[in-house]
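Q: Would you mind keeping the following structure in view while I ask a few things?
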Amino acid sequence: MLAGPDTPLALARLIIGRSNPERQAAVAAYLERRGFQFRRHAFSSFEGAGENYSVEVGAGNRVLVLIAHHDAVPGSPGANDNAAAVGILLHLLGRLARTPPTGLRVRFLFPAEEELGYLGTRAYVKATATIGIVGALSLELCGIGDALVIWDAPTDSEFLRLVTRALEQIGRRRDESYHVIGRIPVFGSDHRAFADAGVPAYGLSIVPTREAEALRQFIRNPSGVLRHLTNRPAPFDTYHTSRDAYSTLDAAACEAVVRALEAIVAAVALA
């Protein structure tokens, strides 16, 4: 896998089905094998311990942070949560390294222990200056579906406008092929650590259009549905379960996220 193709799905297989220490080591091994200069950010507290990795491409004083946590809940292969996102960012990292943006640094952050209340990213933000960061996106559930969702976006910002403009420039339409929704109860991810520090930061996912109404109902009242696995709409039908396997991932979904991120990077670089 380390020497093989660098498609998002191929790279997702680096960590699927492995323990969290193995997932963490696999990401570091890939970055080393491919010759990327990356920083290690170890952390330890009474809540847990782990190691975050960050890589930057591009140049300039403005920074865009793209995040994909490498851990999974115990007992789950962790394919859609969150190996697909890791594969997408590793793939995008290779592409941007060959043609870096100008006037913008893109920071790829691979944190540990997101499943413990995004512990790794909280430790990272606490120890790292956020000056110059124009926005952050954390990728979650990015391997199944066709409609993009920007979530935890209760208020407008210049960064959010750039993101939505980029999506529309590649042919997506609001409330049809992409959606912007406010704060989601129960669920959260790494972007919230940046948002708490005053950075415009949102979650990014992709979901099946056919499940749109079921997902709306689920998001409004997720706590009751979470107790009944058979009533969950996709992609939450495999979320945090032993069925979150490689076979459920869709290459087209991953490629759609890559295309969206490339457009977002270009829009932010030109702003």
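None of the figures in this text is laboratory data; all of them are computed from the coordinates on show. Predicted, not measured: the structure shown is a model, and the values here were computed from it. Don't worry about glycine lacking a Cβ; one is built from the backbone with ideal geometry, like all the others, and counts go over all protein chains shown.
Q: Based on the Kirkwood radius over alpha-carbon pairs, what is the Stokes-Einstein translational diffusion coefficient of the range 8-270 at 20 °C with 1.002 mPa s viscosity, in µm²/s? Don't jump to the answer; show the numbers that get you there.
A: Working: Rh = 18.2 Å.
The Stokes-Einstein estimate is 118 µm²/s.
Q: Can I ask one more? Just grab the label-to-label distance for THR209 and THR102, each label 7 Å out from Cα along the Cβ direction, in nm (one decimal).
A: 3.7
Q: For ALA79, what is the net charge nearby, where nearby means another residue's Cβ is under 14 Å from its Cβ and Lys, Arg count +1, Asp, Glu -1?
A: -2
Q: Based on Cα positions only, what radius of gyration and what Dmax would you give for the range 74-197, in angstroms?
A: Rg and Dmax of the range 74-197, Cα atoms, are 15.1, 43 Å.
Q: For the range 1-99, what ratio Rg/Rh do Cα atoms give with a Kirkwood hydrodynamic radius?
A: Working: Rg = 13.6 Å, Rh = 14.1 Å.
With Rh from the inverse mean 1/r over Cα pairs, Rg/Rh is 0.96.
Q: Using a 10 Å Cβ count of at most 15 others and DSSP loop calls, identify the longest part of the chain lacking such GluC sites (Glu not before Pro). Write down the numbers at each step before the final one.
A: On the way: sites that count: GLU47, GLU176.
Longest gap between qualifying sites, sites excluded: 48-175.
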